[in-house]
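Let me begin by presenting the structure, written as structure tokens, before commenting on it.
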Amino acid sequence: MNIQVDLQESNNVLKGHISGEIDAHTAPVLREKLEAYQNIESLNADLDLSDVNYMDSTGLGVFVAFYKSVNSKGGHLKLSGLSARLKRLFDITGLGDIMDIESAEKGGN
Amino acid sequence: MRPFDYVEMRVPAKSQYVGVARLTISGLASRIGFTYDDIEDLKIASSEAVTNAVQHAYSDDEDGEVVIGCALYGDKIEIMVADHGQSFNFEETKAKVGPYHDQVEGDFLREGGLGLYLIETLMDEVKVHHQEGVTVFMTKYVGGEQVEEDVETISS
């Protein structure tokens, strides 16, 4: 039960790759790492979640908080590479309509 | 002989045990034939309940414990999660839990937030009991919510 968070920022562009499980135990690690970038003006953030194999509401909470901070500074957050399971989690909570998320599988229904 | 197998876990109220409980429940669910998607739903729902219980129990007592009881039937799993470290008489506690009401569970909802919403969405039945702490009781049926017995299956 582990998480790995790799974040790289230059010229207001943040590229991130997160892998592992996001739950009550690992979410604080992710939150802390993201908070280092939340006050940058007009941040363009793209977080790749294709290797996240488990996530629950604690993970959603971290992404919602980061989304709000980035938005309030005129930036944009995109979550990409979502598995069907992760996509479903965003959709049933209604967050899929609000946030910019992209599934790993292109096309289809 | 009782109609179900019963498995109980007692874990310290620490977040690192949420994943342990989740994996154990995943293993139990796969024994009664839940699909991959149903097991993933069960993992999220049980993590949400255990996470809530860990936070409640820990705020009361740093040495607190969480008890997770699982009853395995042929066609369903019942999971009970309590934030007070007492083992429960499963049938007795089950009889006491009532349906979940938005207004009554205001506190739990505020703290649980999205978590309780996910439990309700991903499980077939959810009940919450307030007495000596909070107990969440949830059920999931193999192959989805039970339907009337005489309803015919529509095959494509």
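Bin by bin, in steps of 5 Å, what percent of the Cα pairs in chain A do you find, going until the bin that has the longest distance?
Each 5 Å bin holds this share of Cα pairs: 2, 12, 25, 27, 20, 10, 3, 0.
Given H placed on each backbone N at 1.01 Å, which residues far from A:Asn44 in sequence or on other chains put an amide H within less than 5 Å of it?
Amide H neighbours of A:Asn44, under 5 Å, 5+ apart: A:Val13, A:Leu14, A:His76.
Once you average over the residues of B:117-125, how many Cβ atoms of partner chains fall within 10 Å of each Cβ?
2
How many partner chain Cβ atoms sit within 10 Å of a residue's Cβ in peptide B:15-22, on average, as a whole number? Mind dumping the intermediate values first?
On the way: counts 8, 5, 3, 8, 8, 2, 0, 5.
That average works out to 5.
Please turn the phi angles of the stretch A:5-17 into ³J(HN,Hα) values with the Karplus equation 6.51 cos²θ - 1.76 cosθ + 1.60 (θ = phi - 60°), one per residue in order, whole Hz, x for glycine and proline.
10, 10, 10, 9, 10, 8, 6, 6, 10, 10, 10, x, 9
Whose amide H sits under 5 Å from the amide H of A:Asp100, counting only residues 5 or more places off or on another chain, with H placed in the peptide plane?
Residues meeting the criterion, in which the H sits 1.01 Å from N, are A:Leu79.
Treat each spin label as a single point 7 Å out from the Cα along the C-beta direction, and report the A:Lys68 to A:Met99 distance in nm.
1.3 nm
Residue by residue, what Karplus-based ³J(HN,Hα) values in Hz, rounded to whole numbers, does the stretch B:8-21 have, using 6.51, -1.76 and 1.60 with θ = phi - 60° and x for Gly and Pro?
Once θ is set to phi - 60°, the couplings for the stretch B:8-21 become 10, 10, 10, 10, x, 6, 10, 4, 5, 8, 4, x, 5, 4 Hz.
Can you send over the solvent-accessible area of B:Lys14, 1.4 Å probe, protein chains only, in Å² to the nearest 10?
In the full protein context, B:Lys14 sits at about 90 Å².
Would you mind checking the pairs A:Lys68/B:Lys94; A:Lys68/B:Lys96; A:Lys15/A:Lys87; A:Lys87/B:Lys14; A:Lys87/B:Lys127 and listing those with alpha carbons more than 30 angstrom apart?
Numbers: A:Lys68/B:Lys94 41 Å; A:Lys68/B:Lys96 41 Å; A:Lys15/A:Lys87 20 Å; A:Lys87/B:Lys14 28 Å; A:Lys87/B:Lys127 27 Å.
Distance filter (> 30 Å) returns A:Lys68/B:Lys94; A:Lys68/B:Lys96.
Just the Cα atoms of the protein assembly as shown, one point each, no solvent: what log10 I(q)/I(0) does Debye give at q = 0.12, 0.14, 0.17 Å⁻¹?
Computed log10 I(q)/I(0) values: -0.76, -0.99, -1.32.
Order these peptides, B:25-33, A:21-29, B:136-144, by their mean beta-carbon neighbour count within 10 angstrom, highest first.
A:21-29, B:136-144, B:25-33
Mind listing which GluC sites (Glu not before Pro) in the stretch B:5-98 are in a DSSP loop and have 14 or fewer other Cβ atoms within 10 Å? Please list the in-between numbers first.
Details: sites: B:Glu8, B:Glu40, B:Glu48, B:Glu62, B:Glu65, B:Glu78, B:Glu91, B:Glu92; in loops: B:Glu62.
Answer in residue order: B:Glu62.
Which helices, taking whole DSSP H runs in chain A, have alpha carbons extending 15 angstrom or more along the helix axis plus mean Kyte-Doolittle at least 0.0? Each step should come with its number before you reach the end.
Details: long enough: A:57-72 (22 Å, 0.70).
TM-like helix candidates: A:57-72.
Quick one: which residues, 5+ away or cross-chain, put their amide H under 5 Å from the amide H of B:Val134? H built at 1.01 Å from N.
B:Asp83, B:His84
Suppose accessible area is computed on protein heavy atoms with a 1.4 Å probe; arrange A:Met55, B:Met1 from highest to lowest. Show your work: numbers first, answer last.
Working: A:Met55 5, B:Met1 235 Å².
Most to least solvent-accessible, the answer reads B:Met1, A:Met55.
Ordering B:Arg10, A:Arg85, B:Arg2 from largest to smallest accessible area (1.4 angstrom probe), what's the sequence?
B:Arg2, B:Arg10, A:Arg85
The values are calculated or read from the model by the stated rules, or taken from the named source; none is laboratory data. None of the values given here were measured: they were computed from a predicted structure. Positions of Cβ are generated from backbone atoms using ideal geometry, with glycine treated the same way; all protein chains shown enter the neighbour counts. Heads up: the accessible areas ignore ligands, DNA and RNA and are worked out on the full protein's heavy atoms, side chains in. Shrake-Rupley method; radii C 1.70, N 1.55, O 1.52, S 1.80 Å.
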